[in-house]
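J.: My questions all concern the structure below.
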Amino acid sequence: MKRSVVKAMWIFALAVACIAFVTPMLAGVSQSQENQTINHSDRKDNANNLMYQQGLKYGQADHTNNQPHQYRLQPNDSDDRRAYEAGYDQGYQNNRDSNGYSAGETGQNASPLRTNGNLATQNGLQDGANDGLQDRQAGHSSRATKHRNYEHGNRGYEASFGSKDQYKASYRTAYIQGYDKGYNGQGSDHQ
């Protein structure tokens, strides 16, 4: 009888030890799987996040132009700020445009973003989205055509592009679209 009690106590102690060591390991595996799912969804969300996209474009531009790593925007919303900074860091480090071309390639391999219309559109969208977001955060009414960026409409223009008027027209059209998205919070998870 004494042996069976000792044996039962050992079995009980072994069961407690197994539970104490196995349960945290199983919880760790579950947590790791949850983190992977969250990280995957964050990457997926960033593709549609306006602030991430703005950061990505600014990071690419700063790297291409040999500018120091410096965030241009400081959104008030902490989630917007994190998304912008993540995009900026990604753009600055990888320096690839959305089509996979290296910035600075020339000739037949040149990025299509370097052409007159596309650069005007890209700059207009960026500037409009930034101004719209800033107006929204500051509580201003929608006033896209009142901004200096819209009035000038020539950021990034070079004489080699040809008609400055055409460039401005493309820029301003894109600026209005970008402003509306930034002001209305489209493309961001936080509206």
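Here's the yes/no breakdown for (1) without any contact (Cβ under 8 Å) to a residue 24 or more places away in the chain; (2) surrounded by fewer than 17 Cβ atoms within 10 Å (Cβ to Cβ); (3) of a type in the set (Val, Ile, Thr):
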| residue | (1), (2), (3) |
| --- | --- |
| Leu125 | no, no, no |
| Ala144 | no, no, no |
| Arg148 | yes, yes, no |
| His152 | yes, yes, no |
| Gln166 | no, yes, no |
| Thr173 | no, yes, yes |
| Tyr179 | no, no, no |
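J.: Then there's this: Does Asn76 fit the bill of being modelled with pLDDT under 80 and either within 30 Å of Lys146 (Cα to Cα) or touching a Lys or Arg at 6+ places or on another chain (Cβ under 7 Å) (or both)?
T.: no
J.: Run down Val22, Val16, Val5 and say which single residue is assigned to a helix (DSSP H, G or I), modelled with pLDDT under 75, farther than 30 Å from Leu119 by Cα and not assigned by TED's automatic domain parsing to the domain that holds Asp135.
T.: Answer to the check: Val22.
J.: Here is a list: Asn65, Asn39. Which entry is surrounded by 10 or more Cβ atoms within 10 Å (Cβ to Cβ) and modelled with pLDDT under 80?
T.: On inspection, the qualifying residue turns out to be Asn39.
J.: Only residues that are surrounded by 16 or more Cβ atoms within 10 Å (Cβ to Cβ) and either of a type in the set (Val, Ile, Thr) or not in a helix (DSSP H, G or I) (or both): list them for segment 73-93, please.
T.: Of everything in segment 73-93, those that are surrounded by 16 or more Cβ atoms within 10 Å (Cβ to Cβ) and either of a type in the set (Val, Ile, Thr) or not in a helix (DSSP H, G or I) (or both) turn out to be Leu73, Pro75, Asp77.
J.: Follow-up. Which condition number in (1) at pLDDT 80 or above; (2) crowded, with 16+ Cβ neighbours inside 10 Å; (3) among the polar types (S, T, N, Q); (4) over 12 Å from the mean Cα position of the chain (by Cα) is the one that Gln70 fails?
T.: Going through the list (1) at pLDDT 80 or above; (2) crowded, with 16+ Cβ neighbours inside 10 Å; (3) among the polar types (S, T, N, Q); (4) over 12 Å from the mean Cα position of the chain (by Cα), Gln70 breaks only (2).
The values are calculated or read from the model by the stated rules, or taken from the named source; none is laboratory data. Remember, predicted model here, so these are calculated numbers, not experimental data. Glycine also receives a Cβ, built like all others from the backbone with ideal geometry; neighbour counts cover every protein chain displayed.
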